1. Looking at the structure I just gave you, is A:GLU245 more than 19 Å from A:GLY285 (Cα to Cα), open to solvent by 30 Å² or more (accessible area, probe 1.4 Å) and at pLDDT 95 or above?
2. Based on this model, can you work out whether A:LEU33 counts as surrounded by 15 or more Cβ atoms within 10 Å (Cβ to Cβ), away from RNA strand B (no atom under 16 Å from the Cβ) and in the same structural domain as A:ALA300 (by TED's automatic domain parsing)?
3. Check region A:51-68 and report whether any residue there is modelled with pLDDT of 95 or more, out of contact with any Pro (no Cβ under 7 Å at 6 or more places or on another chain), of a type in the set (Asp, Glu) and within 24 Å of A:ARG123 (Cα to Cα).
4. Would you point out which residue out of A:ALA390, A:ALA400, A:ALA394 is in contact (Cβ under 8 Å) with a residue 24 or more places away in the chain, small (Gly, Ala, Ser) and either in the same structural domain as A:HIS338 (by TED's automatic domain parsing) or open to solvent by 30 Å² or more (accessible area, probe 1.4 Å) (or both)?
5. Can you name the condition, by its number, that A:HIS338 falls short on among (1) under 30 Å from A:LYS275 (Cβ atoms); (2) touching a residue at least 12 places away in the same chain (Cβ under 8 Å)?
6. Going through A:ALA221, A:ALA232, A:ALA282 one at a time, which residue ends up being surrounded by fewer than 22 Cβ atoms within 10 Å (Cβ to Cβ) and hydrophobic (A, V, I, L, M, F, W, C)?
7. Starting from residues that are open to solvent by less than 10 Å² (accessible area, probe 1.4 Å) and more than 19 Å from A:LEU149 (Cα to Cα), keep the ones in region A:285-300 and report whichever is nearest to the chain's Cα centre (by Cα).
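The values are calculated or read from the model by the stated rules, or taken from the named source; none is laboratory data. Note that the structure is predicted; figures quoted are calculated from it, not measured. Reconstructed Cβ throughout: ideal geometry from the backbone, glycine too, with neighbour counts over all protein chains shown. Heavy atoms of the whole protein, side chains included, go into the accessibility calculation; ligands, DNA and RNA do not. Shrake-Rupley method; radii C 1.70, N 1.55, O 1.52, S 1.80 Å.
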Amino acid sequence: MFIQIPRGTYDVLPDQSPVWQKIEETARAVCDLFNYKEIRTPLFESTDLFQRGVGDTTDIVQKEMYNFKDRGDRNLTLRPEGTASVVRSFVEHKLYGLPDQPTKLYYIGPMFRYERPQSGRTRQFTQFGVEALGSADPSIDAEVIALALTFYQRLGLKHLKLVLNSLGDPETRAAHRKALIAHFKPSIGEFCEDCQRRLEKNPLRILDCKKDHDHPLMATAPSIIDYLTDSAAAYFENVKAMLDEMGITYELDPTLVRGLDYYNHTTFEIMGSSKGAISTLAGGGRYNGLVSELGGPETAGVGFALSIERLLLALDVEDISLVGPASLDCYLAAIGGHAEAKVPALLNELRKAGLRADKDYMDRKVKAQFRQADREHAKFVVVIGDDELAHQEASVKKMADGSQETVSFSKLPDYIKSKLTD
RNA sequence: GCGGUUAUGGUGAAGUGGUUAACACACCGGAUUGUGGUUCCGGCAUGCGUGGGUUCGAUCCCCACUAACCGCCCCA
């Protein structure tokens, strides 16, 4: 009986896993440079955490969560995003009490959302994210953005666009919301059904609508930027000034609204090249207030999350390959039954000496063993047959030029090692 | 949740209502009694997503289901 992989999931097969390893390695290296430390939280949490943290009205909570009850009748959810868990852990372990503030954290791992799969969107996907908790300094906003861009640039991406906005403080949002409703309400009948629903629920989202994008009221809609309080505006100016100083270019987009309720002040997205409909590689922003919402002390926070899957797509579009073909240091070819008995021990010696070595397990003919060695890009092939056994010497062929020498069994590891460094 | 397209070997794919389901790549073997990337020769789907139906007969026609891909919504 053959059982298929669940919808919206995929396997990373051995030919692709080196690429993932390279990406993860790069993420860790960049975080290390920026002095962010890794945090690992569970893949599932109490459902309440996401309802409160992400927001009850969001699509994520309303229709995309993988909920289940365990045998103890607890309501649990496979995490749809990383920030809520990180904040939960921050509060639970009272990390805010440590002398080392702000708390700068990163994570890499799978997230789960029940959605229709398409290009750049799967039900299990992988995020690399960063959270800086405990500082409301605008330089952290800029730092987090710089970290994301540095990561992409290290991987070779060229076509990146940073889009920036500010959602201001709660006061700003309330005033803007009121203005939006007043602006759209008289003519809301001319808008799509979704927008009609959005009017009361979250009028900010109307600005994001693709169907009604060309409606005349869109262009004249009140911009959040005009409603920023003095302090919120000053904060945003600070962030922009720091990005300018860093030489980071950005595009301001007053309609940039993020999908999670917890955002305020700075929000941003990084877009890349994409062959599909989705070009957002990363999204993030500031979320002052989330920590206290989740039971901790009043604490500022800022972070982003990016999708490894979408990064892979962008790398593909830009025709960037992160890893070359793997090669074997040597391949042991056995000829005849006597040799086969001896080969495993020799192989083991080579491996213990730190050489990447392998042999045939498919009862292949000599020719096929060489073909296999070639396929694996083996640098040397060690041939063991009756003659070699008789003299306790192996024939060692250098695949690059076809030259061959005889080397005694005992000197084999050292011989190959020395030749490899030539 | 909605819409479109597709479903043939390990892979890419052609194909027809009727005896043996092209071709290419990959793989294996032989030409080369113990040596790679070229060449030549040979082998490799009792089977055409699953379940029904139409028919003397279906991989090909019809229906349902499932899945994948793409798009909408939304998002990373």
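1. Working: more than 19 Å from A:GLY285 (Cα to Cα): yes; open to solvent by 30 Å² or more (accessible area, probe 1.4 Å): yes; at pLDDT 95 or above: yes.
Yes.
2. No; evaluated as a whole, the condition is false for this residue.
3. No, there is no match, as no residue in region A:51-68 is modelled with pLDDT of 95 or more, out of contact with any Pro (no Cβ under 7 Å at 6 or more places or on another chain), of a type in the set (Asp, Glu) and within 24 Å of A:ARG123 (Cα to Cα).
4. Testing whether each residue is in contact (Cβ under 8 Å) with a residue 24 or more places away in the chain, small (Gly, Ala, Ser) and either in the same structural domain as A:HIS338 (by TED's automatic domain parsing) or open to solvent by 30 Å² or more (accessible area, probe 1.4 Å) (or both) leaves just A:ALA394.
5. Answer for A:HIS338: the failing condition is (1).
6. Numbers: A:ALA232 fails: surrounded by fewer than 22 Cβ atoms within 10 Å (Cβ to Cβ); A:ALA282 fails: surrounded by fewer than 22 Cβ atoms within 10 Å (Cβ to Cβ).
Result of the check over A:ALA221, A:ALA232, A:ALA282: A:ALA221.
7. Narrowing region A:285-300 to residues open to solvent by less than 10 Å² (accessible area, probe 1.4 Å): A:285-287, A:290-291.
Narrowing the set further to residues that are more than 19 Å from A:LEU149 (Cα to Cα) leaves A:287, A:290-291.
Values: A:TYR287: 20, A:LEU290: 23, A:VAL291: 24 Å.
The residue in question is A:TYR287.
Conditions tested, residue by residue: (1) more than 23 Å from A:PHE304 (Cβ to Cβ); (2) of a type in the set (D, E, K, R); (3) in a loop (DSSP other than H, G, I, E, B); (4) within 16 Å of RNA strand B (Cβ to nearest atom).
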{"site": "A:PRO6", "(1), (2), (3), (4)": "yes, no, yes, yes"}
{"site": "A:ASP11", "(1), (2), (3), (4)": "yes, yes, yes, yes"}
{"site": "A:LYS22", "(1), (2), (3), (4)": "no, yes, no, no"}
{"site": "A:ASP73", "(1), (2), (3), (4)": "yes, yes, yes, no"}
